[in-house]
């Protein structure tokens, strides 16, 4: 079903919206959650939680594209679950690796409970990614949004793993410089 | 932890950036990218014969060339936002036609059984969508019982309903953005000595995007022009067949339709994992190249007599897949093509009750299968008979002089499907024989080894079966 039609169903509070979302994007949401949690059961629960969150968010939201919105929900729900430690024993290496790498591009320290809001920080990151060549931005998101492994990225973009690592390192450094220049603290 | 906050913020970046990163990467600049691709093409040529003796004349051929919708090019790696948006818009524009062929399942199932299920145990390829378009055009040029039989086979209530559907099917399956080519080509080959109904020819051009040509039937030049058109539409990959197609002096009109489809896998096979492995053909063992890949979120389906998986194709939408259907041990693919459950699966676009997901090790032989098929006997068995017989055929919408006996004289089609990729390196997998009807244990890693005759289905941008085939010998 087309995105517009699915969103209309949400706005009409028609529960077929959930069915249609599952049919069209169920596997996508599941896959994002599974990468984080490495557990089929928990990924399925996250997928179901995603539908509930979507139901509670639309309306007022009218997301475009719907896939990215649902993916964002799945990712957030799965990360929350991972952080609560429910999955750490079984897997979640991708998240740990991602966190280790991201720690390299943290700008100045802010006082506890201070610093920029995540939403505002996201706007800066979006602007930064738009300022970079498309492939660079895409690869950054494959690594830190989709949590792809280096090997998966190398295969996807038909390049060597060392080149992917180098490219990501430079992007992280550029992001840190970008945020520092704008006096962003986290 | 500060990195958590950064991770959360990354999770909230603009949705269009996420969608863009989730698109298949552009590999156009990489050498030989298309070899890691699926290339398939098919041509159907319907020749209408006549008993009248028509004198040959000289002349040129092209009357009108079909004008296809223009799509924005697939964005390059360093493309701007505007370029990306333009491409996305042109893809979205196709979406208005989505679902146009949802009522065609019974036609697809019936014809797949008829044209593929034989006992020869040879590679076969058939394009349900292409034959649908050829028959729709045939319905346009017929009337009475001839048309009624075709409409019944296509499941259309009226010629008007068929026009609407066929036009939408054409558009829903059209892609031509530099990265994906999915094109249903049509053409009409007219006899220079006859006067045709202009309204009918205009309808063929407007509704079916059919180019029209007129020339001397049976002449070397006109045959060559038809061959050239077929080759052009199919990227030259059906040259052997296309170059042998001939129009006879008695041919009143030829309808030629083609499907040309080329797309990359969303995630290609790694060259280094390709390895030699034994394929068990009906005639014995054959050592061939198997491409290997681990699908971390692979789909696994099963039915009473088969198991299946699918691999996604980068078609700019969400429906392009190659489905790989492995009959249970001892079940012949041809037999499976007459099994109602298996046929239902082949037209289900992955919507299947017995479905599981998880880590799946796929081992797929490279193959290049081609087949020529005479459709006439099959059409007759499917109930399309009146237009085949000069005594009962009615082609009155075609010619200004409708007293002339015209009938469907030949219906030939040729198809070829190639899947390929580069490189060889040894890899080993365990062969696991899944029993039909049994789901995998949750969390179980599945080995899906296509080392005996199997069936494939390629679905196009709208999820309809563009190609179905059997591989007995890769």
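Couple of notes before you dig in:
- Of the residues making up region A:13-22, one or more are free of Cβ contacts under 8 Å to residues at least 24 places away in the same chain, within 13 Å of chain B (Cβ to nearest Cβ), in a helix (DSSP H, G or I) and in contact with a helix residue (DSSP H, G or I) (Cβ under 6 Å, 6 or more places away or on another chain).
- Verdict on residue A:58 being closer than 24 Å to residue A:93 by Cβ and either free of Cβ contacts under 8 Å to residues at least 12 places away in the same chain or more than 10 Å from chain B (Cβ to nearest Cβ) (or both): no
- Selected residue (only one of A:67, A:57 is farther than 19 Å from residue A:146 by Cα and more than 10 Å from the chain's Cα centre (by Cα)): A:57
- Taken over region B:91-122, the residue count meeting the criterion of being away from chain A (no Cβ under 14 Å) and assigned to a loop (DSSP other than H, G, I, E, B) is 9.
- Of all residues in region B:132-155, those that are farther than 22 Å from residue B:389 by Cβ, at pLDDT 90 or above and surrounded by 20 or more Cβ atoms within 10 Å (Cβ to Cβ) total 1.
- Per-region count, region B:136-145, residues over 18 Å from residue B:205 (Cβ atoms) and in a helix (DSSP H, G or I): 2
Here is a yes/no grid of residues against (1) in a loop (DSSP other than H, G, I, E, B); (2) more than 27 Å from residue B:353 (Cα to Cα); (3) modelled with pLDDT of 90 or more:
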| position | (1), (2), (3) |
| --- | --- |
| A:1 | yes, no, no |
| A:28 | no, no, no |
| A:35 | no, no, no |
| A:41 | no, no, no |
| A:61 | yes, yes, no |
| A:70 | no, no, yes |
| A:88 | yes, yes, no |
| A:99 | no, yes, no |
| A:110 | yes, yes, no |
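- Yes/no for residue B:267 being within 30 Å of residue B:22 (Cα to Cα) and touching a residue at least 12 places away in the same chain (Cβ under 8 Å): yes
- Taken over region B:61-90, residues that are within 11 Å of chain A (Cβ to nearest Cβ) and either part of a helix (DSSP H, G or I) or surrounded by 19 or more Cβ atoms within 10 Å (Cβ to Cβ) (or both) amount to 6.
- Residue B:393 over 30 Å from residue B:291 (Cβ atoms) and touching a strand residue (DSSP E or B) at 6+ places or on another chain (Cβ under 6 Å): yes
- Residue within region A:43-53 that is within 15 Å of residue B:357 (Cβ to Cβ), at pLDDT 90 or above and within 12 Å of chain B (Cβ to nearest Cβ) present: yes
- Residue in region A:148-158 that is crowded, with 20+ Cβ neighbours inside 10 Å, modelled with pLDDT of 85 or more and not assigned by TED's automatic domain parsing to the domain that holds residue A:29 present: yes
The values are calculated or read from the model by the stated rules, or taken from the named source; none is laboratory data. Treat the numbers as computed from the prediction; the structure is a model and nothing was measured. We place every Cβ from the backbone using ideal geometry, glycine too, and count neighbours over all the protein chains shown.
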